[in-house]
Amino acid sequence: MRVKSIVCVKRVPDTEARVRVAADGKSVDAAGAKYILNPYDEFAVEAALKHKEAAGAGEVTVVSVGNAASAETLRTALAMGADNAVLLKTDGRPEGLAVARVLAEELKGREFDVALFGMKAIDDDLQAVGPMTAELLDLPAVTAVTEFSWEAGKVTAHREIEGGHEVVELKTPCVVTLTKGAYEPRYASLKGIMAAKKKPLEEKAATVGDSPVEVRKLSLPAERQAGRIVGEGPDAVPELLRLLRQEAKVI
Amino acid sequence: MPGIFAFAETRDGEIRKVAGEAVAAARTLADALGTEVHAVVLGGSGIGGAATELGAAGADKVFVGESDAFGKYSAEGYTAVIVKFIREHGCDAAIFPASSLGKDLAPRVAARLGAGYLADCTALEVQDGTVVATRPQASGKIIGQVAATGKPPVITVRPNVFLPGDNARGGDVQSLDVSVNEADFGAVVREIKAGAAEKLDVGEAPIIVAGGRGLGTPENFKLLEDLAEAFGGKAAVGASRAVVDAGWRPHSEQVGQTGKTVAPTLYIAVGISGAIQHLAGMRTSRYIVAINKDPEAPIFKVADYGIVGDLHQILPRMTEEVRKMMA
Ligand SMILES: Cc1cc2nc3c(=O)[nH]c(=O)nc-3n(C[C@H](O)[C@H](O)[C@H](O)COP(=O)(O)OP(=O)(O)OC[C@H]3O[C@@H](n4cnc5c(N)ncnc54)[C@H](O)[C@@H]3O)c2cc1C
Ligand SMILES: Nc1ncnc2c1ncn2[C@@H]1O[C@H](COP(=O)(O)O)[C@@H](O)[C@H]1O
């Protein structure tokens, strides 16, 4: 079997990054931050590679909507083992439906069995672009997948739900979004990094439409006030419970 | 007359707790806009009987769509029915729970409607007739005030944040025509495997007792399970990434940037240092308690109450005292 997948990946500020609100009060200033391949997208890339290896034949294409620096993120995925990459270039940082529309337009013109996404991007925390792209392409989708098997014409996915999981069967082509599970991402080998430099990376301008969401204001969360140390050791327990019951009224 | 649409989630023939929360969130908007809450319940045959409790949560009308094809969730089937309902009926805003089902469904509905999607919101208000939502992003490092440019905004609300108050409405039940055919769906749920049927999920529990590397061994999590149980079915066990990576606990319990974002009324962090990626997942909890032997641990900087000391001594005592209290 020859398996063809497209993995949508996003360049995001590192989890340690200190983020500030920019002067306009409506955008994030992550200047100085290190950027990484979105961690959930690493699971998606790994899943695509594993399935290609298991099938013995296929192709893994990685696609990103972002600025010129996103080429670096695509190279990371190529170094892991993806075959080719497409950068849909824009200077803005579109989110949600605006990105899904760009991706859907690109995917429409391509042949694939499975389009893989991360469950969420850790910068906007939307958890939306995968299912939105599926809807725009009129494809079945499954989200928050920990593991899936792949036969000709069919994918069987394990999806995390509250208190358990669901087994979902999908006809291909379909959309699958990945969370942590069976696909612990590999590190790029030195050989992989060298090979990635020669792999095809196509760049073209993205046409980004208006977003149906307007950001009115961004702010930093109110700092939680450090509370009080009730005491030391087990003898402090009764006082803690008294406070939780009488002051906080939560138990 | 349009109203506020609230999606009332069901599973296995029962209304889920988050359904009442979606109705409660819709209620606050309906009151601000002077309109009604219209709850929609989809499920297998017989689901209608469970619908009355939605009136108690604040629904003026409840629309019930029963179909054998809806015994289990179908993203495509649900999207088709909901979009049709919203188009025919009109609505000023559509509210879904930010549950695993809601986060799968609401983006599809928003995409089909071309509507603004406001995800995992922790507050909703109306400014000059427009719904403005508060949504934490970048794992809670940034708080956004966002609005949709067109109508209706499609909104998911974080579990445990909007609790039904003393705000009952009629909840008149009407049936909704749902002609869907499972054969048309490209994705079908074959099976639901419950971890432990009655086990509360960490994403939705009102109380979370979370453990980290300080527990020392996987067996010691028994201490936390005992404490959770002492709270009488209201608490779930959570975990830091360190113990999930070590294979002591399943990823479904992980709280933080690459785990779940939670907002319980009480979060008890035991043997967890309070790394930024962990705080990301739990800083919007109403009350935080930290138990740690290191008085300098960063977790104390966000905790409302703390006990410094050895968890092996503190936890058994706490379980004992909570049992007494609940008895
Ligand atoms: C990309 C990325 C994503 C991440 N995502 C997450 C995430 O989603 N969730 C998450 O939790 N982490 C995440 N992390 C990891 C995070 O940085 C920390 O490494 C992790 O949270 C530490 O777990 P811990 O607090 O259990 O362990 P430690 O930091 O080792 O803390 C153990 C604590 O236990 C205390 N202790 C030890 N013995 C006792 C005792 N007998 N009694 C009382 N206290 C005791 C110690 O004083 C210490 O404070 C992420 C990291 C990265 C780089
Ligand atoms: N700019 C982008 N370019 C490519 N893929 C993206 C982009 N933004 C989001 N995605 C994909 O959609 C997933 C979910 O993102 P989000 O809905 O923003 O949380 C990510 O994990 C990526 O797989």
Worksheet item: Can you list the HN-Hα couplings for the stretch A:26-32, worked out from phi with the Karplus curve (6.51, -1.76, 1.60; θ = phi - 60°), rounded to whole Hz and with x for Gly and Pro?
Response: 10, 9, 8, 9, 10, 3, x
Worksheet item: Averaged over B:277-290, how many beta carbons belonging to a partner chain fall within 10 Å of each residue's beta carbon?
Response: 3
Discussion item. For the protein assembly as shown, take the convex hull of the Cα atoms, compute a quarter of its surface area, and give me that in nm², please.
Written reply: 25.6
Item to complete: Show me B:314-323, A:3-12, B:176-185 ranked by packing, highest mean number of other Cβ atoms within 10 Å first.
Response: A:3-12, B:314-323, B:176-185
Item to complete: Counting only C-alpha contacts under 8 Å and six or more residues apart, can you give the relative contact order of chain B as a whole percent?
Response: 15
Discussion item. What are the ³J(HN,Hα) couplings of the stretch A:109-124, residue after residue, when phi is run through the Karplus curve with 6.51, -1.76, 1.60 and θ = phi - 60°? Round to Hz, x for glycine and proline.
Written reply: x, 10, 9, 7, 9, 9, 9, 9, 9, x, 5, 8, 8, 6, 8, 9
Response to the item:
With -39,500 (n - 2.57) per DSSP H segment of 4 or more residues and division by the full residue count of chain A, the 222 nm estimate, nearest 500 deg cm²/dmol, is -7500 deg cm²/dmol
Fill in: For the stretch A:157-170, Karplus couplings with θ = phi - 60° (6.51, -1.76, 1.60), whole Hz, Gly/Pro x
10, 9, 10, 6, 10, 4, x, x, 8, 10, 9, 10, 9, 10
Worksheet item: Over what distance in Å are the Cα centres of the stretch B:269-285 and the stretch B:226-268 separated?
Response: 11
Practice prompt. Based on other C-beta atoms within 10 Å, arrange A:THR172, A:THR133 from fewest to most.
Written response: A:THR172, A:THR133
Response to the item:
Here the whole-number average of other chain Cβ atoms within 10 Å per Cβ of B:316-324 is 3
Discussion item. Taking the number of other C-beta atoms within 10 Å as the exposure measure, put B:THR52, B:THR265, A:THR61 in order starting with the fewest.
Written reply: B:THR52, B:THR265, A:THR61
Fill in: Most to least packed among B:43-51, B:246-254 [average Cβ atoms within 10 Å]
B:246-254, B:43-51
Worksheet entry | Computed over the stretch A:83-193: relative contact order in percent, which uses C-alpha pairs under 8 Å that are six or more apart | 26
Worksheet entry | Listed residue pairs exceeding 32 Å between alpha carbons, taken from A:LYS4/A:LYS191; A:LYS249/B:LYS151; B:LYS17/B:LYS141 | A:LYS249/B:LYS151
Worksheet item: Looking only at other chains, what is the average number of their beta-carbon atoms within 10 angstrom of each beta-carbon in B:260-273?
Response: 1
Worksheet, complete the sentence: Amide H contacts under 5 Å for A:GLY233, restricted to residues at least 5 apart in sequence or on another chain and with H modeled in the peptide plane, are B:VAL308, B:GLY309, B:ASP310
Worksheet item: Can you give the net charge of the other residues whose Cβ lies under 11 Å from the Cβ of B:ALA26, counting K and R as +1 and D and E as -1?
Response: -3
Practice prompt. Give the relative contact order (percent, whole number) for the stretch A:1-125; include only Cα pairs under 8 Å separated by 6+ residues.
Written response: 37
Worksheet entry | Distance between the stretch A:74-148 and the stretch B:125-197 - C-alpha centres, whole angstrom | 23
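Here, each number is a calculation from the coordinates, and none is a lab measurement. Keep in mind that this is a model prediction, so the values were computed, not measured. Note that we place each Cβ from the backbone using ideal geometry, even for glycine, and neighbour counts take in every protein chain shown.
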